[in-house]
1. How many residues are on the phi < 0 side of the Ramachandran plot, part of a loop (DSSP other than H, G, I, E, B), open to solvent by less than 40 Å² (accessible area, probe 1.4 Å) and not polar (S, T, N, Q) if we restrict to the stretch 59-85?
2. Could you go through the stretch 344-354 and let me know if any residue there is part of a loop (DSSP other than H, G, I, E, B), surrounded by 24 or more Cβ atoms within 10 Å (Cβ to Cβ) and modelled with pLDDT of 95 or more.
3. In the stretch 143-160, how many are surrounded by fewer than 24 Cβ atoms within 10 Å (Cβ to Cβ), touching a residue at least 12 places away in the same chain (Cβ under 8 Å) and more than 20 Å from K92 (Cβ to Cβ)?
4. Name the one entry in F320, F312 that is more than 21 Å from the chain's Cα centre (by Cα) and touching a residue at least 24 places away in the same chain (Cβ under 8 Å).
5. Strands (runs of 3 or more DSSP E) wholly in the stretch 497-560 with at least 3 residues that are farther than 21 Å from G138 by Cβ and modelled with pLDDT of 95 or more - which ones?
6. So for the stretch 201-223 (the condition being closer than 22 Å to V510 by Cβ and not in a strand (DSSP E or B)), does at least one residue qualify?
7. If a residue counts only when it is touching a His at 6+ places or on another chain (Cβ under 7 Å), which strands (runs of 3 or more DSSP E) contained entirely in the stretch 362-431 have at least 1 such residues?
8. Scan the stretch 456-493 for residues that are open to solvent by less than 10 Å² (accessible area, probe 1.4 Å) and of a type in the set (V, I, T) and jot them down.
Amino acid sequence: MLIEPNSRRQPRKALLCLLLLPCACLLPRLIGETASRIRFELKPIAFRLEHGEVKARHVPATMAGGVAVFDYNRDGRADIFFTNGANLATLKKDDPKYQNHLFRNDGNGVFTDVTKEAGLAGRGFDVGAAVGDFDNDGYPDLFVAGVHHNTLYHNNGDGTFTDVSDKAGLNKPDPQFGPLWAITGVWVDVNNDGLLDLFVVNYLQWDCATEPLCEYRGESDYCSPRSYKGLPNQLYLNKGNGVFEDVSESWGIRAHVGKGMGGGMADYDLDGLPDIFVTNDASYNSLFHNTGGKFEEVAFQKGVALMEDGNFISGMGLDFRDFNNDEYPDIAFVALAKQTFPLLKNLGGEGFREVTGEAGMRNLSMSMAGFGPGLYDLDNDGWKDLFVTRGDVLSRAMPGTVVEQHNSVFRNLGASGKWEALTPEAGLDVLPPKRHRGLAFGDFDGDGRIDVVTTALTGPAEIWMNRSPASGHWLDIALEGTRSNRDGIGARIKVTTKHVTQFNHMTTSVGYASSSYGPVHFGLGQDDTAQTVEIRWPSGKLQTLQDVRADRVLSVKESQ
């Protein structure tokens, strides 16, 4: 069993509090936090991730588990969609246990399975989910990424979805590689024309019949990504009539072959054009800088292709978001044990610098294996925290490997740039450890505290209800674009209160193979009013609101 670094510090902390003046123990940012600052309560949900694992290990089985949170029926409550696996020999859901599932949030802690009536059971081995309103009708649509087959579901607005993949042109076999294996999608308006485009993150060239078999002490386990060739990612331009055009080559994407595991969008240099970061598994990461009509791959120039030790790591999921409140989007992603969970600080749009060590994250995460990270302010103190789903790629322990692990949350300690690891302290050890994979975020009960849903291989999904005590004030901003895309994806938001100024942007691409679609969340700490809320829409329009009261969802429509 892993011993969390923070757990080892507790006796020292208690002794320190006894030696100092009593009032000193009320200054948690100076001497460390108690377990109660961020706290979760487990809520079960009737979904089990079936990933087709058999004795001869086939690598797609260990990569399953994407999840999406979105209000599909626009009733004001966050619903949950789970992807599920298939028979790996046939890539078909030939057993009902492999069906994808959609759960409607009925309020009062009740989730109802509405998969059948929604038409979302799926057909193949599905891995990831990405939510975005591609036709601007006000109802969020769903892209499902999978092994040799992707699906685009149009939300009909009546509780049902229609498979429009063929019409959209998203499932044509690649002329060079044939059917591709996609991990996830990123909805992003690359040309700011008001229509969401789709960036697809592809992983490995894989064939069940010819796959190499890897063994340890006579038993099969999952091979390293080094045993496979990579794939290029894809960019589909939204033509506005339900059809997407593959512009991967002309936009400079196809030339870069990788082994993509995560994708995130943000305007890292604040030039008004959204950029895309891709983590690659045991390969160079990719940073696609949007120059207008084309992407330039700049990972080496900007310091994100490799980490500071120069070694390849197994980059998994990511979040591309400002974690130090300086306006410029930073990058947090996760990897396997002894590789750490890297933090990349944005240097004013000029590049990035790894701060994993100085932030304390290197020591905290060195023994951990992660799949999905997400940057959300979980205690509403004005600083984004990092929730990570944990578990190893392998199916059984090898020397130095802990396969099944508890999830963890890393609390952002503010201007110091330090982080604190919480696992049992946050209530995340109430279940046995698992091989966790996807995660998505949303406020399931409307109390202003961000909740989390996670998946685990061959195990039940876990809803982690945020019960953090003494949580601060909050403000959620729900965007409606007019000239910009309806979701406002790519909009940058600045919120200023008496004690803190912070920044965020609208994106649904968070974590591993997962999607979180909802209002942009801000924790306001002790402040019950935002002095100003500034929204820079993808269209370039700047909209400012004054004296906005906290503790509510604020709906903002893009002004003309």
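The values are calculated or read from the model by the stated rules, or taken from the named source; none is laboratory data. All values derive from a computational prediction rather than experimental measurement. Don't worry about glycine lacking a Cβ; one is built from the backbone with ideal geometry, like all the others, and counts go over all protein chains shown. When the accessible area is computed, the model is the full protein with side chains, heavy atoms only, and any ligands, DNA or RNA have been set aside. Shrake-Rupley method; radii C 1.70, N 1.55, O 1.52, S 1.80 Å.
1. 6
2. No, that holds for no residue.
3. Summing the residues that are surrounded by fewer than 24 Cβ atoms within 10 Å (Cβ to Cβ), touching a residue at least 12 places away in the same chain (Cβ under 8 Å) and more than 20 Å from K92 (Cβ to Cβ) in the stretch 143-160 gives 5.
4. Numbers: F320 fails: more than 21 Å from the chain's Cα centre (by Cα).
After applying the criteria, what remains is F312.
5. Working: elements: 501-505, 520-525, 529-536, 542-549, 552-557.
Strands (runs of 3 or more DSSP E) meeting the threshold: 501-505, 520-525, 529-536, 542-549.
6. Yes, that holds for at least one residue.
7. Details: elements: 370-376, 385-390, 408-412, 419-422.
In the stretch 362-431, 370-376, 385-390 are the strands (runs of 3 or more DSSP E) which contain 1 or more residues that are touching a His at 6+ places or on another chain (Cβ under 7 Å).
8. Matches in the stretch 456-493: I463, I477, I489, I493.
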